[in-house]
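The values are calculated or read from the model by the stated rules, or taken from the named source; none is laboratory data. None of these values were measured; they are calculated from a predicted model. Here the Cβ positions follow ideal geometry from the backbone for every residue, glycine too, while neighbour counts run over all protein chains shown.
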Amino acid sequence: MPQTRLYILPMAHIENDLAWNVAAARVGSVDNPHPPAEWVSVPCFAYLIEHPSAGRVLLDVGPHPDDKERLPADVRRYFPWMGGPGDTLEARLAGLGLKPADIDLVIVSHMHWDHCGGLYLFANEAAGKQIMVGRRDFEYGLLSTHKEAGQPFGGGGYFKENFEIPGLSFEPIDPEMGDYSLAPGLQLIQLGGHTPQVLGLMLHLEHTGTVILPSDAIYMSRNFGPPPVAPGIVYDSLGFFQSVQKVRQMQKATNAWIIYPHDPEQERQLKLAPAYYD
Ligand SMILES: [Zn+2]
């Protein structure tokens with residue numbers, strides 16, 4: 001592999017009330033006490049990085065192909081995934097002439113269903129034996145989905161089936177490890193707020209420059225600001241603002257471009273796979 005490439009793999013869209021992404025996105029007033037909710041269609045992505053020494057690295061693996069039907073009813077009511085068979089990781093990799101066996105490393109930013117549903121593809125692959133996850137996020141999701149029998153959908157975006165795939169092994173990354181280099185020009189960055197721990201990436205591309213992939217620590221540019229605006233659903237609101245501050249400092253230091261994970265406005269400007277950034 002000659003130089004680093006970044007492919008943005010589209011995983012279709014989730015529809016939801018914008019108020020989940022941006023707190024108080026549309027508020028009432030005396031002259032308009034009952035404004036209608038703003039229903040939006042936000043994109044989902046997985047990212048494939050081809051790196052000269054690290055090989056093919058995935059950040060996130062998108063929803064499971066059955067999530068349209070198998071997600072609990074409340075999730076389908078509030079956050080329906082609009083994808084079909086062509087919007088899965090397997091299909092997007094095939095579109096690039098790749099199979100799961102061609103992937104060297106899988107990093108899951110956090111264990112919400114729209115980011116980890118494709119893990120089943122790696123059950124019998126080498127990359128499935130060392131999936132990098134944030135330890136605190138994984139533990140929290142595991143407990144949320146396995147605490148009490150009869151509990152509906154374990155809270156947040158965690159889905160039990162994604163923690164029970166035979167044949168996978170995880171390499172938990174402790175938050176205390178901080179940010180660290182995976183390979184030259186490819187850095188794991190530790191964020192939070194959205195869940196107890198979110199893994200992101202910062203990478204250097206020869207022509208595009210530095211890119212930051214913050215995953216759901218920063219949903220969209222409206223959250224980043226300035227000024228930063230918290231989402232309507234957040235595990236730790238102070239952690240959210242700390243993540244924004246951290247990414248802003250990194251951006252200033254490196255003149256980086258931030259690619260947001262669920263931004264319908266930025267999506268229109270992005271080159272999606274099979275096109276790539278290098
Ligand atoms: Zn998400």
Worksheet item: Does Ile165 qualify as being at pLDDT 95 or above, more than 16 Å from the ligand (Cβ to nearest atom), of a type in the set (Val, Ile, Thr) and assigned to a strand (DSSP E or B)?
Response: no
Item to complete: Would you point out which residue out of Pro226, Pro196 is more than 16 Å from the ligand (Cβ to nearest atom) and assigned to a loop (DSSP other than H, G, I, E, B)?
Response: Pro226
Worksheet item: For the range 182-193, which residues satisfy the criterion of being in a strand (DSSP E or B) and either charged (D, E, K, R) or crowded, with 22+ Cβ neighbours inside 10 Å (or both)?
Response: Leu191
Item to complete: May I ask you to list the residues in the range 199-211 that are in contact with a helix residue (DSSP H, G or I) (Cβ under 6 Å, 6 or more places away or on another chain) and within 16 Å of the ligand (Cβ to nearest atom)?
Response: Gly200
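For the range 22-60, which positions are among the polar types (S, T, N, Q) and touching a strand residue (DSSP E or B) at 6+ places or on another chain (Cβ under 7 Å)?
If we filter the range 22-60 for residues that are among the polar types (S, T, N, Q), which is where we start, we get 29, 32, 41, 53.
If the condition is that a residue be among the polar types (S, T, N, Q) and touching a strand residue (DSSP E or B) at 6+ places or on another chain (Cβ under 7 Å), then Ser41, Ser53 are the ones that fit.
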Discussion item. Can you find a residue that is surrounded by 21 or more Cβ atoms within 10 Å (Cβ to Cβ) and of a type in the set (A, V, I, L, M) anywhere in the range 157-170?
Written reply: no
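Kindly indicate which of Ala91, Ala24, Ala12 is in contact (Cβ under 8 Å) with a residue 60 or more places away in the chain and surrounded by 16 or more Cβ atoms within 10 Å (Cβ to Cβ).
Details: Ala91 fails: in contact (Cβ under 8 Å) with a residue 60 or more places away in the chain; Ala24 fails: surrounded by 16 or more Cβ atoms within 10 Å (Cβ to Cβ).
Step by step, each of Ala91, Ala24, Ala12 is checked, and only Ala12 is in contact (Cβ under 8 Å) with a residue 60 or more places away in the chain and surrounded by 16 or more Cβ atoms within 10 Å (Cβ to Cβ).
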Item to complete: Please find, among Asp60, Asp87, the residue that is more than 25 Å from Gly192 (Cβ to Cβ) and within 16 Å of the ligand (Cβ to nearest atom).
Response: Asp87
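Results for (1) closer than 30 Å to Asp278 by Cβ; (2) buried (at least 22 other Cβ atoms within 10 Å of the Cβ); (3) in contact with a strand residue (DSSP E or B) (Cβ under 7 Å, 6 or more places away or on another chain); (4) touching a residue at least 60 places away in the same chain (Cβ under 8 Å), shown as yes or no for each residue.
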position	(1), (2), (3), (4)
Tyr219	yes, yes, no, yes
Asn223	yes, yes, no, yes
Val229	no, no, no, yes
Asp236	no, no, no, no
Discussion item. Quick check on this structure: which one of Ser181, Ser215, Ser221 is within 16 Å of the ligand (Cβ to nearest atom) and at negative phi?
Written reply: Ser221
Worksheet item: Out of (1) surrounded by fewer than 21 Cβ atoms within 10 Å (Cβ to Cβ); (2) more than 15 Å from the ligand (Cβ to nearest atom), what's the single condition that is false for Leu48?
Response: (1)
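Select, from Asp179, Asp114, Asp137, Asp174, the only residue that is crowded, with 21+ Cβ neighbours inside 10 Å, out of contact with any Ser or Thr (no Cβ under 6 Å at 6 or more places or on another chain) and acidic (Asp, Glu).
Details: Asp179 fails: crowded, with 21+ Cβ neighbours inside 10 Å; Asp137 fails: out of contact with any Ser or Thr (no Cβ under 6 Å at 6 or more places or on another chain); Asp174 fails: crowded, with 21+ Cβ neighbours inside 10 Å.
Answer to the check: Asp114.
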Discussion item. Just checking: which of the helices (runs of 4 or more DSSP H) contained wholly in the range 2-79 hold 2 or more residues that are closer than 24 Å to Gly134 by Cβ?
Written reply: 18-21
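Please find, among Pro261, Pro274, the residue that is in contact (Cβ under 8 Å) with a residue 60 or more places away in the chain, surrounded by 15 or more Cβ atoms within 10 Å (Cβ to Cβ) and closer than 19 Å to Pro43 by Cα. Before you say what the answer is, go through the steps one by one.
Working: Pro274 fails: surrounded by 15 or more Cβ atoms within 10 Å (Cβ to Cβ).
After ruling out the rest, the residue left standing is Pro261.
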Response to the item:
Per the filter on the range 90-115, residues within 15 Å of the ligand (Cβ to nearest atom) and part of a helix (DSSP H, G or I) are Trp113, Asp114, His115
